[in-house]
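See below for the structure under consideration.
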């Protein structure tokens, strides 16, 4: 029996993320992070028609929803998402800062865990296999996310000036470097996947490193 579109949407993390985001203020930090992901998968030239990338996007949406639920019940959050949720309504932070903090969490933490964790055949970390899977699913999605952050928030990017402190702050983010680090993290995590203790320690390190960058990106700079 075919599954109705309504029932399917209930189980689709992207559809659930879209519904929950619609209820938030546009400048809510979580709404901005979710909006960039949704814009990336809606772009017909991005991840919309790329099944592996869209499948990974669903994994990222599911992880963002899980963090959202954890924050709502006072549960623990991965260090990379903690600053976003803690500062989501800060009046002196811009959507551009939240967008980059979200990309930082996804590139630096969510993608390695989602890509390797959902692909059992990558366990053991055979380098060629990990790289093929990364370039098949993660690379197009990460490119689409970066492009969505620039297109969706174009007015904020165009308003940046050389002497603006925000210009120097967003310079912390480098998409090419972040993609390369994501691939490296995928390789290492795949090699550790069959060693629970090592894998757990590595994921904590990933979250902490991304959390440090997120806290820097979310430094309030605009006048009160």
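The values are calculated or read from the model by the stated rules, or taken from the named source; none is laboratory data. Here the structure is a predicted model, which means the values were calculated and not measured. Cβ coordinates were reconstructed from backbone atoms using ideal geometry, including for glycine residues, and neighbour counts include every protein chain displayed.
Taking the condition of being touching a helix residue (DSSP H, G or I) at 6+ places or on another chain (Cβ under 8 Å), under 19 Å from residue 204 (Cβ atoms) and not in a loop (DSSP other than H, G, I, E, B), how many residues in segment 67-99 meet it?
Qualifying residue count, segment 67-99: 6.
Here is a yes/no grid of residues against (1) touching a helix residue (DSSP H, G or I) at 6+ places or on another chain (Cβ under 8 Å); (2) within 24 Å of residue 155 (Cα to Cα); (3) in a helix (DSSP H, G or I):
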| position | (1), (2), (3) |
| --- | --- |
| 17 | yes, no, yes |
| 21 | yes, yes, yes |
| 30 | yes, yes, yes |
| 33 | yes, yes, yes |
| 37 | yes, yes, yes |
| 44 | no, yes, no |
| 49 | no, no, no |
| 52 | yes, no, yes |
| 58 | yes, no, yes |
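If you check residue 54 against the conditions, is it surrounded by 14 or more Cβ atoms within 10 Å (Cβ to Cβ) and either at pLDDT 95 or above or within 27 Å of residue 83 (Cβ to Cβ) (or both)?
Here the answer is no, as residue 54 does not meet what is asked.
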